[in-house]
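The values are calculated or read from the model by the stated rules, or taken from the named source; none is laboratory data. Fair warning: this is a prediction, and the values are worked out from it, not measured in the lab. Virtual Cβ from ideal backbone geometry, glycine too; neighbours counted across all protein chains shown.
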Ligand code: ADP
């Protein structure tokens, strides 16, 4: 392979830039030309592609977002859309593609590989919801953003003796809620992967109040339901003053943590190695701190699970 491409797709995550940088530098290190595709699959279809040099990715390792921009592109879900994309790749003489994104982006990469165009997926999403890797690029940064917010909200919760419900991202995956809740000392954590018992939550809040505890933090993943509605229910049932904070998109931005930069650098470079070995249709990850790769199809067929032992621990520590 003499010329490869790289794109970022789907929801952005902090560390995507570090991954792009690693892909570009690793390719050039091996004397392979590297082309950046802007705006994800939309830019691929439109031919929004340009050659990248060592300097093209200078000064981005510490920046959130993605220098290559990202997009959602429904047209790429059609055969015609993908054929247009492949035409562009051929026009530029690109022989393999690194796709940095979430599971939707992986689906596009799998389809491209089926069209005979080798792709390697790199897990870039704050949700940590991609099987085959212990961590996705951006998760650690998002987690630290959430913990910073919880710590600040805790100050006010303590001063005003209130209950706080904090809604965090995670439509299908509770990793952000679970890790942030555990690290932030939350009394209750609600995740999409586990049912909850409202009576038990109310009881625990009341018991805590009786033994002098005047404030509580409840973390709810957005996939469980509206934090605002949940907060209203809690206030009605307990009569404790309750406030709600929906953290929203602040969780997606910001300078990546050292852990995310290192992860992105390792995974981006490894993706290039696989492509150069002619191993398309793979996705890379990290398991037990070792670089691994899996068949994209196998990963897309696997369901993400949260660490149930951590969920149990969070309950044990917040009795
Ligand atoms: P993420 O990668 O963060 O999960 P999305 O689910 O929005 O984000 O997917 C990003 C893009 O991947 C979509 O806009 C589309 O272009 C492409 N994609 C998603 N699903 C498919 C599919 N079934 N076939 C081809 N491309 C897809």
Filter the range 100-122 for residues that are farther than 14 Å from residue 10 by Cβ and within 7 Å of the ligand (Cβ to nearest atom) and give the result.
111
The range 246-260, subset touching a strand residue (DSSP E or B) at 6+ places or on another chain (Cβ under 9 Å) and crowded, with 18+ Cβ neighbours inside 10 Å, residue nearest to residue 123 (Cα to Cα):
260
Only one of (1) surrounded by fewer than 21 Cβ atoms within 10 Å (Cβ to Cβ); (2) within 16 Å of the ligand (Cβ to nearest atom); (3) outside any helix (DSSP H, G or I) fails for residue 60. Which number is that?
(2)
Subset of the range 19-50 (residues that are buried (at least 24 other Cβ atoms within 10 Å of the Cβ), under 20 Å from the mean Cα position of the chain (by Cα) and either under 15 Å from residue 101 (Cβ atoms) or without any contact (Cβ under 8 Å) to a residue 24 or more places away in the chain (or both))
19, 20, 23, 40, 41
Given the criteria touching a helix residue (DSSP H, G or I) at 6+ places or on another chain (Cβ under 9 Å), without any contact (Cβ under 8 Å) to a residue 60 or more places away in the chain and within 14 Å of the ligand (Cβ to nearest atom), does residue 76 qualify?
yes
Kindly provide the set of residues from the range 259-289 that are without any contact (Cβ under 8 Å) to a residue 60 or more places away in the chain and in a helix (DSSP H, G or I), ordered by number.
262, 270
Specify which of the listed residues (189, 147, 137, 220) is within 16 Å of the ligand (Cβ to nearest atom), modelled with pLDDT of 95 or more and within 29 Å of the chain's Cα centre (by Cα).
137
